[in-house]
Amino acid sequence: MEKKQKYPVAFWVAGCTEIFERLSFYLGRSLILVFVTTAVAAGGLGLSDTTAASMQSDITAYSYLAGLVGAIIVDRFVGAFYTTPVGMLIISFGYFSGAAAKSATGVYIMIFCVAFGLGLFKTGPMIGRIVKPEQLNSAYSIRYSLVNVGAFIGPFAAGILYQDVFAKGEVLGFRGCFRLAGIVMLLGCVWFTVGMILKGKGAGRRPFKFEKTKEELEREEREKAEKKNAPRQKMTTIEKKRISAIVLISAFQIVFWLFWYLAYLPIYYHWAENMNWSVGGLKIPVTWVDAVNALFCVISGPLTALLWQKLSARPQGDLSLFKKLGIGLSFLGVAYIYFAILDVTRGGAKVSVLALILFMVFLTLGEMFFSPLGSAFIGLYSPSRYLSIMSAVWGLGIFAAAKLYGNVYSFAFGGKFAFPKACIGVAIVAFICTVVLFLMDNKLTSLVKKKDGEE
């Protein structure tokens with residue numbers, strides 16, 4: 001029997017750096033909604049919930065946009081070994097700026113620094129250069145778990161820290177949490193830099209376009225020579241169809257992530273006032289909602305993977321990818337319907353915060369049906385020579401959703417509509433998208449499936 005290959009130490013260095021980054025990100029991001037709206041006397045900025053929603057949407061959106069810019073830098077000009085610690089230092093400075101913020105300007109400085117720094121943070125692509133090809137799938141699965149460890153600890157710790165540990169009398173400890181997020185990034189920077197110097201074996205020291213094997217470089221040179229002497233290759237019929245399918249699904253992706261991000265805002269504002277957040281004498285911090293989602297993702301990951309295996313083994317075959325994406329959207333619709341029912345049936349009383357658990361189950365199921373499968377869709381059907389462009393289109397879709405959800409919150413939940421009506425409106429749009437995906441299933445499948453004789 002072959003001896004099982006161990007992961008290089010550099011993999012664990014890069015992978016565990018993700019824990020530092022996600023911990024600090026969710027420690028800071030989760031608090032924006034509370035910090036900005038809390039009264040000045042209680043340690044906040046005393047601004048409106050719509051302003052806070054817009055700020056949180058900005059930090060999410062521009063992180064994706066900066067990631068595209070950072071990818072160009074790391075691919076072509078500067079290695080990830082150098083950009084990653086620089087990015088972490090910039091992020092750290094951003095969180096310290098948030099800790100010192102006396103107005104919206106200070107928060108926007110934090111948002112800019114965190115987004116730009118995350119654009120340079122490239123431990124994920126480095127892992128692809130550190131582990132062996134046969135280890136890639138399992139390595140990225142482990143990385144996903146490490147990411148969610150940080151995503152769980154960050155908001156879980158934030159709730160305790162700002163309410164109790166860093167609080168002084170009536171003044172809540174938001175600023176201490178932001179400072180801690182900055183310190184965590186500094187520690188992560190030290191961990192990454194020292195670890196990669198000692199065990200990195202040169203990984204990420206050059207731009208990714210140079211980090212290829214001799215065989216890969218020779219093959220690329222041959223392909224360049226062939227392309228130079230060959231006439232310009234036209235886009236094939238199947239490539240046109242697949243690109244059309246990707247553009248269409250990207251539109252549904254915007255709807256999905258728009259409603260997914262939007263779902264958290266009513267929890268921080270509407271339900272913060274209309275729920276009993278005490279359980280057994282313990283006051284549950286609102287930031288724990290983010291932690292619950294991360295925990296449910298870790299739990300549901302293996303379960304959904306098992307579900308895909310079971311479905312593919314059926315005599316009638318697996319569900320199509322497009323139907324699965326539609327089901328993911330329908331779970332979001334069910335989550336919003338649940339919110340509406342909860343609000344109507346409570347009358348004027350406050351419901352227990354434990355009622356949010358079922359909502360988070362629906363939200364996480366939607367995420368697990370849509371997010372991993374959507375990313376796989378791009379990798380599976382994007383024409384190889386347009387992969388970067390199609391990945392950019394997908395990334396811009398998430399950027400658009402993240403940028404819009406603050407504005408959608410202002411429109412739907414800003415007071416123009418009753419809360420249940422706003423939730424039902426969102427649910428209807430989600431259900432319509434589900435129906436459209438099911439009705440278009442055969443058409444979309446025909447776009448991506450190559451027929452005999454088709455080029």
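With each label modelled as a point 7 angstrom along the Cα→C-beta vector, the residue 446-residue 194 pair spans 6.2 nm.
Note on region 101-207: along the principal axes its Cα atoms extend 55, 26, 23 Å, ordered by decreasing extent.
Only Cα sites of the chain enter the Debye sum here, all with the same form factor; the resulting log10 I(q)/I(0) across q = 0.06, 0.09, 0.11, 0.13 1/Å is -0.28, -0.64, -0.96, -1.32, listed in q order. Expressed as a fraction of 2.2 N^0.38 Å, the value expected for a compact globular protein of N residues, the C-alpha radius of gyration of region 1-101 is 1.43.
The order of 268, 26 by accessible area, most exposed first and with a 1.4 Å probe, is 26, 268.
Ordering 118, 186, 265 by accessible surface, largest first, gives 186, 118, 265; the 1.4 Å probe counts only protein heavy atoms, with every chain in place.
Accessible surface ranking for 449, 6, 241, 1.4 angstrom probe, highest first: 6, 449, 241. Dividing the convex hull volume of the alpha-carbon atoms in region 263-340 by its residue count gives 124 Å³ per residue.
Measuring with a 1.4 angstrom probe and ignoring ligands and nucleic acids, residue 396 comes out at about 80 Å² accessible.
Where Lys and Arg each count +1 and Asp and Glu each count -1, what net charge lies around residue 268 among other residues with Cβ under 12 Å from its Cβ? Spelling it out: positives minus negatives among the neighbours equals -2. Accessible surface for residue 129 stands near 100 Å², nearest 10, in the context of the full protein assembly shown (1.4 Å probe). Counting only protein heavy atoms, what percent of the accessible surface of region 230-360 is carbon or sulfur at a 1.4 Å probe? With neighbouring chains kept in place, the figure for region 230-360 is 66 percent. Taking Lys and Arg as +1 and Asp and Glu as -1, the other residues whose beta-carbon sits under 12 Å from that of residue 57 total +1. Pairs exceeding a 31 Å alpha-carbon distance, out of 310/421; 168/403; 350/416: 310/421; 168/403. Contact order for the chain, expressed relative to its length and based on alpha carbon pairs under 8 Å spaced 6+ residues apart, stands at 23 percent. Centroid-to-centroid, using Cα positions, region 43-59 and region 93-107 are 13 Å apart. Using the Cβ-Cβ distance between residue 341 and residue 68 with R0 set to 35 Å, the FRET efficiency from 1/(1 + (r/R0)^6) comes to roughly 0.30. Long hydrophobic helices in the chain: the complete DSSP H runs spanning 18 Å or more by Cα along their own axis with mean Kyte-Doolittle hydropathy of at least 0.0 are 9-37, 49-76, 80-100, 104-120, 136-160, 174-199, 237-262, 288-312, 321-345, 356-381, 387-413, 419-439. Residues whose amide H comes within less than 5 Å of that of residue 276, counting only those at least five positions distant or on another chain, are 351, 352, 353 (H built at 1.01 Å from N in the peptide plane). When the helices of the chain are scored as -39500 (n - 2.57) per DSSP H run of n ≥ 4 and the total is divided over every residue, the value at 222 nm lands at -25500 deg cm²/dmol. Computed on the Cα atoms alone, the convex hull of region 311-368 gives a volume of 87 cubic angstrom per residue.
The values are calculated or read from the model by the stated rules, or taken from the named source; none is laboratory data. These figures come from a predicted structure and were not determined experimentally. FYI the Cβ positions are ideal-geometry reconstructions off the backbone, even for glycines, and counts take in every protein chain you see. Side chains included, ligands, DNA and RNA excluded: accessible areas come from the protein's heavy atoms. Shrake-Rupley method; radii C 1.70, N 1.55, O 1.52, S 1.80 Å.
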